[in-house]
Amino acid sequence: MPVPTYDKFIEPILRFLAHQPGGVPARDAHEAAAAALGLSEEERQELIPTGQAAYKNRAGWAHDRLKRVGYSSSPKHGVWRITPEGAAFIAAHPLGVKDEEIERIAKSYTPGQSFGCEVKGGTAETVADEAPLLSPDDRLEGALSEIQSAVRAELLELLLQVSPKYFETVVLDVLHRLGYGASRSDLQRVGGSGDGGIDGVISLDRLGLEKVYVQAKRWKGTVGRPEIQGFYGALAGQRANKGVFITTSGFTPQAIDFARSVERVVLIDGAMLAQFMIDCEVGVTSQQVRVPKIDSDYFDE
């Protein structure tokens with residue numbers, strides 16, 4: 001018997017987390033869900049094409065859906081914890097969660113949606129219901145989009161948990177992978193007291209004659225014009241021609257307009273940073289899946 005689909009893991013995981021309100025390692029939740037579903041040792045050995053155990057993959061997607069509806073969280077990497085909303089939800093269903101409620105949670109995804117964002121261009125239910133009408137290639141593309149969305153969201157969660165010093169290092173690693181600096185040593189972290197609003201410096205040439213200055217800040221609210229003006233002033237103090245302001249959140253329209261008006265300041269928000277980390281494989285690894293296609297040229301007689 002194959003491992004159940006990820007929607008079957010939603011209730012077992014939520015009930016397990018409800019009994020561990022302080023949070024638990026994800027691996028403990030994987031095993032608890034597998035036990036609750038009565039998976040045999042043979043079923044636990046079943047793998048998906050990427051080589052991951054199928055039941056751990058299903059459990060991971062179930063938790064992703066629980067996070068999207070606000071019933072669980074990841075206070076730090078590899079730890080799952082129920083939220084007050086999740087605890088209230090499971091307490092309201094002592095005899096079991098109805099199928100329609102499980103379906104609502106399971107379908108809490110729309111391409112481009114991130115945690116806490118409203119669905120635009122239709123509901124998650126309509127997107128999911130239309131999936132069987134898509135071609136296999138379209139479904140594969142949709143699945144890739146969904147995976148990237150989940151990874152972007154998790155990356156932003158992790159970036160908010162690391163120390164400010166390490167966050168600045170991550171940013172410099174990304175910029176180096178994007179092609180800035182002849183070597184990684186050409187990107188230096190200078191953040192600290194008295195940094196003048198500069199967290200890193202990139203030497204674009206071996207002699208250090210041309211430099212780009214970086215400010216990397218973790219924000220929960222949007223970054224406004226005053227912060228960008230302050231960074232611009234710091235660049236002037238360094239007699240710098242180019243600067244990059246990177247944040248885990250976003251920028252107000254006024255901040256964006258100011259950056260455009262001065263030209264030499266580039267803004268990178270949280271979504272862009274997470275996508276750059278995926279594209280450049282900084283803190284991310286990619287798994288290759290072989291998709292067979294007919295070689296039409298081979299059959300041309």
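The table below lists the values:
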quantity	calculated
Burial ranking of peptide ranges 52-64, 20-32 (average Cβ count within 10 Å, highest at the top)	52-64, 20-32
Extended-chain gain in nm, criterion 0.36 nm per residue less alpha-carbon gap, ASP279 and GLU101	60.5 nm
Gained length - LEU204 relative to GLN238, 0.36 nm times residue gap less alpha-carbon distance	10.7 nm
Spin-label pair ALA143/GLN287, simplified geometry with 7 Å Cα→Cβ offset, distance in nm	1.1 nm
Alpha-carbon centroid distance for the pair the range 223-301 / the range 24-67, whole angstrom	34 Å
Per-selection metrics, the range 164-280 (Cα): Rg and Dmax in Å	13.2, 38
Straight-distance crosslink candidates among lysines, where the alpha carbon sits under 20 Å from LYS56 and sequence neighbours closer than 8 are dropped	LYS8, LYS67, LYS76, LYS107
Interchain or long-range residues, amide H under 5 Å from VAL244's placed H	TYR213, VAL214, GLN215, VAL266
Sequence-separation-based contact order of the range 164-280, relative, with Cα cut under 8 Å and 6+ spacing, percent	21 percent
Cross-link reach list, lysines versus LYS211, counting only Cα pairs under 27 Å and skipping chain neighbours closer than eight places	LYS165, LYS242
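Since every read-out is calculated from the coordinates, none of them should be taken as a lab result. Keep in mind that what you see is a predicted model, and the values were worked out from it rather than measured. As a convention, Cβ positions derive from the backbone with ideal geometry for all residues, glycine included, and neighbour counts pool all protein chains shown.
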